[in-house]
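Novice: Have a look at this one before I ask anything.
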Amino acid sequence: MAKSVDAFSDRIRQFVHDLSFYSIAHLVPALLSLGALMLFTRVFSPEMFGRYSLALAVAGITSTLLYGWLDYSVLRYAPQLDEEIVLRNIYSLYVGISVLLLFLATVGYLLGGYWLGPYTIFFFPALALAIARGGIQVLLAFFRSVLNSPKVTLFRVMRAVISVTVSVVLALIVLEHIVGWILGATIGIVVTCVYIFVSSETVRGVPLFDREMINRLFRYGVPMVGFIIGDAFLVQADRVLLELLGSSIAVGIYSANYMLVDRGLRLAYTPIIQAITPIIIDSWDEGNEQEIGTMIHNFSRYFILLGIPALVLVAVLSKTVSTLLVGEEFTSGFVIIPVVAIGLFFWSLANLIQVIFEIKEETAMLSYGIVGVIAVNLVLNVPLITTLGYFGAAVATTVSYTLYLLFVMRLSSRYLSWEFPVVCLRNAVVGAILMLLPTVILYVFDSYTLVSSLSTAAIGTLFYLVSIYLLDEIGQAEIEQIRQFLE
């Protein structure tokens with residue numbers, strides 16, 4: 001028993017260590033991205049920003065569809081098999097996919113490029129970005145899989161600094177067009193990839209085609225394509241529907257505010273997920289289901305306690321943040337921020353729990369679930385966008401995220417016995433309600449200002465911390481344990 005406790009303590013210590021680095025890895029890129037957003041939404045019109053957002057969405061969906069399953073395969077097998085063999089076979093798959101994509105895209109452009117109209121200028125930059133993203137995500141997934149969070153942090157920060165710097169130069173000085181933002185992101189990725197190969201001997205190696213390994217990667221990764229593309233679809237497809245049912249201006253307003261909440265909450269949530277998932281996969285040995293079930297219960301609890309106040313903070317400061325960070329023509333879209341924030345919390349919690357399907361190699365089930373959620377999303381989006389505009393798109397996305405969480409929670413117990421932290425969720429919701437009260441009072445008395453909103457947000461955060469302490473969700477012993485881990 002003592003050995004089990006010590007092992008879990010080691011995992012918590014690893015979690016705190018990795019979370020610290022991953023937080024930095026996301027904080028710096030998020031701040032730089034917000035800075036670029038502030039600048040470009042003041043220089044370019046909502047219509048131009050909308051076109052950029054659609055091009056970025058297509059690049060993201062394409063990259064995720066073709067390469068996303070490679071990332072999950074690396075995370076799953078690099079810690080347990082020969083990491084060099086896994087990576088070299090992944091390289092073969094990446095090169096093959098990239099060559100085929102480049103060929104088909106070029107042929108398609110030559111045959112029907114004239115249909116692109118104002119999007120023609122975005123075609124090849126978006127294609128280059130899609131291919132580059134696929135490469136760097138594989139490399140970052142490898143370093144995550146071997147629990148090397150310092151290198152992941154270094155590479156992400158380097159990519160962000162180069163991307164934003166080059167984007168500003170290209171978009172505002174050289175090209176005077178927002179397509180420079182896409183080109184800058186691509187250049188930042190390519191330079192970072194070159195640095196990774198130069199500085200990290202572990203990732204060097206020529207592509208290898210091992211039939212047995214390739215088959216294993218396919219059997220695990222390809223069934224996840226439905227889930228992977230579903231993730232990208234739910235994040236990006238609402239922009240396409242807004243363009244079809246509304247206008248590029250609506251896409252621009254929606255995208256700018258969505259980026260604010262997405263950058264803000266993923267800054268809080270993604271480091272937690274990226275720290276937890278490799279630890280659970282690395283701990284799995286097919287004979288320790290009870291230990292893994294306990295780990296998922298505890299990590300879910302930590303995520304809820306950290307994630308809910310972040311959600312509330314983004315919601316109560318939505319108007320303030322939108323007013324400060326985006327151009328005046330975009331600020332009316334702040335109303336989507338609280339709605340999207342709820343959806344992102346549910347989606348991130350589902351991403352944590354779905355590691356059960358990954359360690360059990362039941363990845364096809366995730367695809368079935370996401371396909372159903374996509375169908376619901378499409379059914380909801382059309383009437384909601386038609387009647388409510390971009391606010392309707394936010395509602396449809398959040399409903400879809402919620403359904404996916406319910407799906408994962410319901411089916412995960414079939415593959416591994418674990419207990420969802422219901423009491424913790426209840427206590428966190430109570431704390432969230434108390435956290436909301438000061439800002440709600442501002443609205444009721446029509447006293448909402450920038451300074452007052454920041455003050456009530458701080459007071460509300462204190463209310464939350466006090467409430468979960470009084471509800472015995474975090475006791476003195478646990479506080480002391482966390483303090484020891486941080487030392």
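The values are calculated or read from the model by the stated rules, or taken from the named source; none is laboratory data. Note that the structure is predicted; figures quoted are calculated from it, not measured. Cβ atoms come from the backbone with ideal geometry, glycine included; neighbour counts cover every protein chain shown. Please note that ligands, DNA and RNA were not included when accessible areas were found on the heavy atoms of the full protein model with its side chains. Shrake-Rupley method; radii C 1.70, N 1.55, O 1.52, S 1.80 Å.
Novice: Return the carbon/sulfur percentage of the accessible area of the stretch 24-245, one whole number, probe 1.4 Å, all protein chains in place.
Specialist: Numbers: 6520 of 9330 Å².
C and S fraction of accessible area: 70 percent.
Novice: Could you compute the FRET efficiency for TYR368 and LEU110, with r as their C-beta to C-beta distance and R0 at 41 Å, rounded to 0.05?
Specialist: Details: r = 37 Å, r/R0 = 0.91.
With R0 = 41 Å, the Cβ-Cβ based efficiency is 0.65.
Novice: About the Cα centre, and with charges only on the beta carbon of Lys, Arg (+1) and Asp, Glu (-1), how big is the dipole of the chain? Nearest 20 debye, please. All intermediate terms of the calculation are to be shown ahead of the outcome.
Specialist: On the way: 26 positive and 33 negative charges, 131 e Å.
Roughly 640 debye, rounded to the nearest 20.
Novice: In whole Å, what are the extents of the stretch 164-244 along the principal axes defined by its C-alpha atoms, from largest to smallest?
Specialist: Result for the stretch 164-244: principal-axis Cα extents of 50, 41, 14 Å.
Novice: Okay, next question. Determine the gain in length on full extension of the stretch VAL423-ARG266; use 0.36 nm per residue of separation and subtract their C-alpha separation, reporting nm with one decimal.
Specialist: Values: separation 157, 0.36 × 157 = 56.52 nm, distance 2.48 nm.
Roughly 54.0 nm would be gained on extension.
Novice: While we're on this one: Tell me which of VAL86, TYR415, VAL240 sits at the most positive position along the dipole axis of the chain, charges placed on C-beta atoms (Lys, Arg +1; Asp, Glu -1).
Specialist: Farthest towards the positive pole: VAL240.
Novice: While we're here: Would you mind computing, in nm to one decimal, how far apart the modelled labels at LEU31 and SER332 are, each placed 7 Å from Cα along Cα→Cβ?
Specialist: Rounded to a tenth, the inter-label distance reads 3.4 nm.
Novice: Calculate, for MET38 and VAL169, the FRET efficiency according to 1/(1 + (r/R0)^6) with r their C-beta to C-beta distance and R0 22 Å; round to the nearest 0.05.
Specialist: On the way: r = 17 Å, r/R0 = 0.76.
Once the sixth-power term is evaluated, E becomes 0.85.
Novice: Taking N as the number of residues in the stretch 248-486, what is its alpha-carbon radius of gyration divided by 2.2 N^0.38 Å? Display every interim value, and only then the final one.
Specialist: On the way: Rg = 19.2 Å, N = 239, 2.2 N^0.38 = 17.6 Å.
Computed over Cα atoms of the stretch 248-486, the ratio equals 1.09.
Novice: Based solely on C-alpha atoms, express the radius of gyration and the Dmax of the stretch 24-245 in angstrom.
Specialist: Over the stretch 24-245's Cα set, Rg and Dmax evaluate to 17.9, 53 Å.
Novice: If you take every residue apart from CYS424 with its C-beta less than 10 Å away from the C-beta of CYS424, what net charge results, scoring Lys and Arg +1 and Asp and Glu -1? List each step's numbers first, then the result.
Specialist: Values: positive: ARG301, ARG426; negative: GLU473.
In short, +1.
Novice: Translational diffusion coefficient of the stretch 288-426 at 37 °C, 0.692 mPa s, Stokes-Einstein with Kirkwood Rh over Cα pairs, in µm²/s as a whole number. Spell out each step's value before the answer.
Specialist: Values: Rh = 16.5 Å.
Stokes-Einstein gives a translational diffusion coefficient of 199 µm²/s.
Novice: Roughly how many nanometres apart are two label points built 7 Å out from the Cα toward the Cβ at ILE214 and ILE441?
Specialist: Placing both labels 7 Å along Cα→Cβ, they lie 6.7 nm apart.
Novice: Just for the Cα atoms in the stretch 94-223, what are the lengths along the principal axes, largest first, rounded to whole Å?
Specialist: Principal extents (largest minus smallest coordinate, Cα): 45, 35, 24 Å.
Novice: Using a 1.4 angstrom probe, figure out how much accessible area the stretch 145-252 has per residue, in square angstrom, rounded to the nearest whole.
Specialist: 44
Novice: With n ≥ 4 as the cut-off for DSSP H runs, can you work out [θ] at 222 nm for the chain, using -39500 (n - 2.57) per run divided by the number of residues, rounded to the nearest 500? Please list the in-between numbers first.
Specialist: Details: 18 runs with 402 residues, N = 487.
One gets -29000 deg cm²/dmol as the mean residue ellipticity at 222 nm.
Novice: So what's the net charge close to PHE44: Lys and Arg +1, Asp and Glu -1, counting the other residues with Cβ under 14 Å from its Cβ?
Specialist: Working: positive: ARG42, ARG51; negative: GLU47, GLU176, GLU328, GLU329.
Taking every other residue near PHE44 into account, the sum is -2.
Novice: Mean shadow of the stretch 27-151, computed from the convex hull of its alpha carbons, in nm²? Present the calculation step by step, with values, prior to reporting the outcome.
Specialist: Numbers: hull surface 35.9 nm².
Dividing the Cα hull surface by four gives the mean projection, 9.0 nm².
Novice: Going by Cα centres, the stretch 150-215 and the stretch 380-438 are how many Å apart?
Specialist: Here the answer is 34 Å between Cα centres.
Novice: From the backbone phi of the stretch 322-329, what are the Karplus-calculated ³J(HN,Hα) couplings (6.51 cos²θ - 1.76 cosθ + 1.60, θ = phi - 60°) in whole Hz, Gly and Pro given as x?
Specialist: Couplings: 5, 5, 7, 9, 10, x, 4, 5 Hz.
Novice: If you don't mind, there's one more thing I want to ask. Calculate the radius of gyration of the Cα atoms of the stretch 211-312 to one decimal place, then report Dmax, the largest Cα-Cα distance, as a whole number, both in Å.
Specialist: 18.7, 55
Novice: Pick out, from GLY112, LEU352, MET435, the residue whose Cα sits farthest towards the positive end of the charge dipole of the chain, with +1 on the Cβ of Lys and Arg and -1 on the Cβ of Asp and Glu.
Specialist: Value computed over the given set: GLY112.
Novice: Moving on. What are the semi-axes of the equivalent ellipsoid for the chain, taken as the square roots of 5 times the Cα gyration tensor eigenvalues, largest first, in whole Å? Before the final figure, lay out the partial values.
Specialist: Values: eigenvalues 214, 199, 89 Å².
In descending order, the three semi-axes are 33, 32, 21 Å.
Novice: For a quick size check, give me the Cα extents of the stretch 391-482 along its three principal axes, largest first, whole Å.
Specialist: Extents along the principal axes: 51, 45, 18 Å.
Novice: Can you pull the percent of the stretch 338-419's accessible area that's carbon plus sulfur, 1.4 Å probe, other chains left in place?
Specialist: Details: 2070 of 3000 Å².
Of all accessible area on the stretch 338-419, carbon and sulfur atoms account for 69 percent.
Novice: Let me ask something additional. Give me the 1.4 Å probe accessible area per residue for the stretch 264-391, excluding ligands and nucleic acids, in Å². Could the numbers behind the result be given before it?
Specialist: Working: 4320 Å² over 128 residues.
I get 34 Å² per residue for the stretch 264-391.
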